[in-house]
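Structure first, then comments.
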Amino acid sequence: MRTEQSTVAGQGGGDDLALLGLLQLVSPALPIGAFAFSQGLESAFELGWVSDEASLGEWLEGVLEDGLTRCELPVLARLQTAWAAGDGEAVVEWDRWLAANRETAELAAEDARLGASLIRLLGSLDLLPNCPEKSPSGALPALPPGAGYVTAFAWTAHVRGVPVRQALLGFAWAWLENQLAVACKALPLGHTSAQRLVERLRPALVTAVDEALAVEEDELGPVLPGLALASALHETQYSRLFRS
């Protein structure tokens, strides 16, 4: 008698399960607290650098091109490749590299707290690398102590069987949704305006992933002085809704 698992696999269900795993990972409903962080965007509102749909679109395009494309996305690809190869040294190296590129206390804290929250969730779902079901031979490296969000995201995408390119698209999509949710709460930005920005930026997400997959290691590193300044100023902003 065929089991449910073999039936699903026989119908190409492995790809379907990977897709569902990615949707779960990037869902705003994932209980890791991403809604509490704006990545400096709230400060950009307060400073008047971003004040409407047009200026928000320009800000997001800049962060995507000079930030995610040169930092989180290419390193996410390298981390997921390292997980697939069982290369614990590379996992630690890239996790530390990302931590060193967080230019303010708030950005560093955001990465650490989201990483810790995702790791706690993975533990409750028996999805950590040290779970016997995931590593019966003990060959997989453990998550580095205090691993950041991108490192934990890469592991989750790997264990869910998500292809690298789709993992990067999912990460970029989650970032965009979070930033637009921040704007809808704090700018304010209407939901129709947010959807217009989605339409404007969807092609840019694809381009960002293409470039991130092609970038060489000596080209890595974010170039976002404005975001770093906004994030630093947010630390002492008098009234705020978000933690970064």
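The values are calculated or read from the model by the stated rules, or taken from the named source; none is laboratory data. What you see is a predicted model; the values in this text were computed from it and never measured. We place every Cβ from the backbone using ideal geometry, glycine too, and count neighbours over all the protein chains shown. Please note that ligands, DNA and RNA were not included when accessible areas were found on the heavy atoms of the full protein model with its side chains. Shrake-Rupley method; radii C 1.70, N 1.55, O 1.52, S 1.80 Å.
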Fill in: Heavy-atom accessible area per residue - region 167-244, 1.4 Å, Å²
52 Å²
Worksheet item: Expressed in whole Å with the largest first, what are the equivalent ellipsoid semi-axes of region 182-244 derived from the C-alpha gyration tensor as the square root of 5 times each eigenvalue?
Response: 27, 22, 7
Worksheet entry | Heavy-atom surface of region 16-70, accessible at 1.4 Å and reported per residue (Å²) | 45 Å²
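Fully extended, how many nm does the chain gain between residue 27 and residue 54 (0.36 nm per residue separation, minus their Cα-Cα distance)?
My answer for the length gained is 7.1 nm.
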Worksheet entry | Per-residue [θ]222 nm for the chain (sum of -39500 (n - 2.57) over DSSP H runs n ≥ 4, rounded to 500) | -20500 deg cm²/dmol
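Can you pull the percent of the chain's accessible area that's carbon plus sulfur, 1.4 Å probe, other chains left in place?
Solvent-exposed carbon and sulfur of the chain make up 54 percent of the total.
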Response to the item:
Short to long, in 10 Å steps from zero, the percent of alpha-carbon pairs of region 166-209 per bin is 30, 51, 19, 0
Worksheet, complete the sentence: The ratio Rg/Rh over the Cα atoms of the chain, Rh being the Kirkwood inverse mean 1/r radius, stands at 0.98
Worksheet item: Considering only 207, 194, 73, whose Cα is most displaced toward the positive end of the charge dipole of the chain, charges sitting on Cβ of Lys, Arg (+1) and Asp, Glu (-1)?
Response: 194
Worksheet item: So what is Rg over Rh here for region 26-104, counting just Cα atoms and using Kirkwood for Rh?
Response: 1.06
